Amino acid sequence: MEQEAKKCDVLIVDDDRDLCLILRLGLQADCAVHCEHSLAEATAWLAKHQPTLVLLDNSLPDGKGVEFIQKMKDTDPNIKVVMMTADPGTTIEILARQRGACGFLAKPFNVSVMKQIVHSIFPGMSAA
């Protein structure tokens, strides 16, 4: 019953377990949140679930998140993707947006900034 009240379903794909926990805690009041720590785990989870938003790290143990965006969009064109990365420069942001990401977060970032981005994607959700 609790998940029915949620406004969005979020998949976080990041190998930093501490960051996943922080993001989960920051979003769980407004979203159902699930974490995976590799592209393989994310692929398996996405085969059974349809999140409305994916927070996607770029540097994962089994590949680059930016290359995974198109695979997700091919499966579900309505899925929203926010790329997160500590990789320097703007190349990743440009590639991510070209491949369909609707947001970008340069690490490190403040959880309130992440919540503002999620709020801009889902305006009915509280950003507090």
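The values are calculated or read from the model by the stated rules, or taken from the named source; none is laboratory data. Fair warning: this is a prediction, and the values are worked out from it, not measured in the lab. When we count neighbours, we look across all protein chains shown, and the Cβ atoms used for this are built from the backbone with ideal geometry, even at glycine.
Structure values in brief
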{"quantity": "Identity of the residue in segment 113-125, in contact (Cβ under 8 Å) with a residue 60 or more places away in the chain and in a helix (DSSP H, G or I), that ends up farthest from L27 (Cα to Cα)", "calculated": "I121"}
{"quantity": "Filter result (at pLDDT 95 or above and either over 22 Å from D16 (Cβ atoms) or not in a helix (DSSP H, G or I) (or both)) within segment 60-78", "calculated": "L60, P61, D62, G63, K64"}
{"quantity": "Hits in segment 85-113 - residues which are in contact with a strand residue (DSSP E or B) (Cβ under 6 Å, 6 or more places away or on another chain) and under 17 Å from C8 (Cβ atoms)", "calculated": "A101, C102, G103, L105"}
{"quantity": "Filter pass, K71 being surrounded by 13 or more Cβ atoms within 10 Å (Cβ to Cβ), farther than 13 Å from L53 by Cβ and not aromatic (F, W, Y)", "calculated": "yes"}
{"quantity": "Which listed residue is of a type in the set (D, E) and under 12 Å from the mean Cα position of the chain (by Cα), from D30, D9", "calculated": "D9"}
{"quantity": "Options A101, A96; residue that is closer than 13 Å to I117 by Cα and outside any strand (DSSP E or B)", "calculated": "A101"}
{"quantity": "Residue that is nearest to M72 (Cα to Cα), among those in segment 93-125 that are surrounded by fewer than 17 Cβ atoms within 10 Å (Cβ to Cβ) and aliphatic (A, V, I, L, M)", "calculated": "L95"}
{"quantity": "Single unsatisfied condition, M72 versus (1) without any contact (Cβ under 8 Å) to a residue 12 or more places away in the chain; (2) touching a strand residue (DSSP E or B) at 6+ places or on another chain (Cβ under 9 Å)", "calculated": "(1)"}
{"quantity": "Pairs with Cβ under 6 Å, 6+ apart, first in segment 47-58 and within 11 Å of L105 (Cα to Cα), second in a loop (DSSP other than H, G, I, E, B) and hydroxyl-bearing (S, T, Y)", "calculated": "none"}
{"quantity": "Hits in segment 29-56 - residues which are of a type outside the set (A, V, I, L, M, F, W, C) and surrounded by 13 or more Cβ atoms within 10 Å (Cβ to Cβ)", "calculated": "D30, H34, E36, H37, S38, E41, T43, P51, T52"}
{"quantity": "Count - residues of segment 85-100 that are within 20 Å of L19 (Cβ to Cβ) and modelled with pLDDT under 95", "calculated": "6"}
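Every residue, every condition in (1) more than 18 Å from F68 (Cβ to Cβ); (2) aromatic (F, W, Y); (3) at pLDDT 95 or above, yes or no:
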{"site": "K7", "(1), (2), (3)": "yes, no, no"}
{"site": "L11", "(1), (2), (3)": "no, no, yes"}
{"site": "D14", "(1), (2), (3)": "no, no, yes"}
{"site": "L23", "(1), (2), (3)": "no, no, no"}
{"site": "G26", "(1), (2), (3)": "yes, no, no"}
{"site": "A29", "(1), (2), (3)": "yes, no, no"}
{"site": "H34", "(1), (2), (3)": "no, no, yes"}
{"site": "A40", "(1), (2), (3)": "no, no, yes"}
{"site": "A44", "(1), (2), (3)": "no, no, yes"}
